[in-house]
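In what follows, a structure is listed as structure tokens, so that the remarks can point back to it.
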Amino acid sequence: MLTLTDSTRLLVLTGAGISAESGVPTFRDAGGLWEGHRFEDVASPEGFDADPILVWRFYSLRRRGLDNVKPNPAHHALVEVEKRLGDRYLLVTQNVDGLHAAAGSKRMVEMHGNINRTKCRRCRLTPFEDHKSYEELPACAECGELLRPDVVWFGEMIPRDALAAIDGFVRAAGSNLVFLAVGTSGVVYPAAGLVDVARSAGGTSWLVNAERPANVSQFDHVEIGPAGKVLPALFA
Ligand code: OAD
């Protein structure tokens, strides 16, 4: 069991595995294909340049698919911990599905963006909430350029404010840092390197995952099992 003390500062990193029990498919369990598409065709600036309507239809389908999806006990367990720790807690998610927010998480960094936000690819008009399904290409009201989903694609940088928030939390925590990764395969950086950042800061690291991921040897404590069962018990 993970014991939280009055000085614990908990940094949680989540990946697709935490939403698996809500019915959202993970990435790498599908043999490198994402609902029948190669990652680079639907999740890269080059893929969008080559076929923007394919990319928009793909994301529209995923948006519709999330309509009936609900947070599971793993998302809810993290909300309870946030309530206990307040500003000694930060959630960093690689997921773009919005389920942490739906569960009630507040202190959160969505480092890969959010599928229900849209931005202009040229003037970067402030990303805005957008739940529409596009069959035709949407254009920016300001400059007429194509709108695109506000998600981080392959080859793109993580937003600077996201990295700054993580860095600030780790620095303030020092050796009081407890790092917990949940449902992530540990192959996509910089998220996969956060465990090393936490260890360098003098923190302790925990992993909850359905199987042993690529970076498993970096963790001090490893719990193998479904997040929806393991997480609530971990904080009990
Ligand atoms: P992956 O699909 O790579 O890995 C999901 C991990 O969750 C795997 O290690 C599974 O074993 C584990 N898992 C599956 N079901 C689980 C469950 N019920 N409980 C606990 N663990 C479970 O997903 P990510 O690591 O999130 O990036 O992928 C990282 C990034 O790669 C994504 O954010 C996305 C993708 O390219 C972008 O789109 C920028």
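The table that follows gives values for the structure above.
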quantity: Contact order relative to length of the range 3-130, as percent, for alpha carbon pairs under 8 angstrom and 6 or more apart; calculated: 26 percent
quantity: Given 13 as the ceiling on other Cβ atoms within 10 Å, longest exposed-site-free region of the chain for GluC sites (Glu not before Pro) in DSSP loops; calculated: 36-134
quantity: Estimated D of the range 165-222 in µm² per second, where Rh is the Kirkwood radius over Cα pairs and Stokes-Einstein applies at 4 °C, 1.567 mPa s; calculated: 114 µm²/s
quantity: HN-Hα J in Hz across the range 14-27 - Karplus 6.51, -1.76, 1.60, θ = phi - 60°, x for Gly and Pro; calculated: 10, x, 4, x, 6, 9, 4, 6, 8, x, 8, x, 7, 7
quantity: Kirkwood Rh and Cα Rg combined as Rg over Rh, evaluated for the chain; calculated: 0.97
quantity: Pairwise centroid distance, computed over Cα atoms, of the range 213-227 with the range 68-110, Å; calculated: 20 Å
quantity: Percent RCO, i.e. relative contact order, over the range 70-226, from Cα pairs under 8 Å lying at least 6 residues apart; calculated: 15 percent
quantity: Reach of residue 119 by Cα under 24 Å, taken over lysines that are not fewer than 8 positions away in the same chain; calculated: 106, 132
quantity: Shape metrics for the range 109-222, restricted to C-alpha atoms - Rg then Dmax, Å; calculated: 17.8, 52
quantity: Loop-resident sites, the range 60-156, for trypsin sites (Lys or Arg not before Pro), counting at most 14 other Cβ within 10 Å (DSSP); calculated: 106, 122, 124, 132
quantity: Cut-off 15 Å between beta-carbons: net charge of the residues surrounding residue 135, Lys and Arg +1, Asp and Glu -1; calculated: +2
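Values in this text are rule-based calculations from the coordinates and carry no lab data. Worth saying up front: this structure is predicted, and the values here are computed from it rather than measured. All Cβ positions, even for glycine, are placed from backbone atoms using ideal geometry, and neighbour counts span all protein chains on display.
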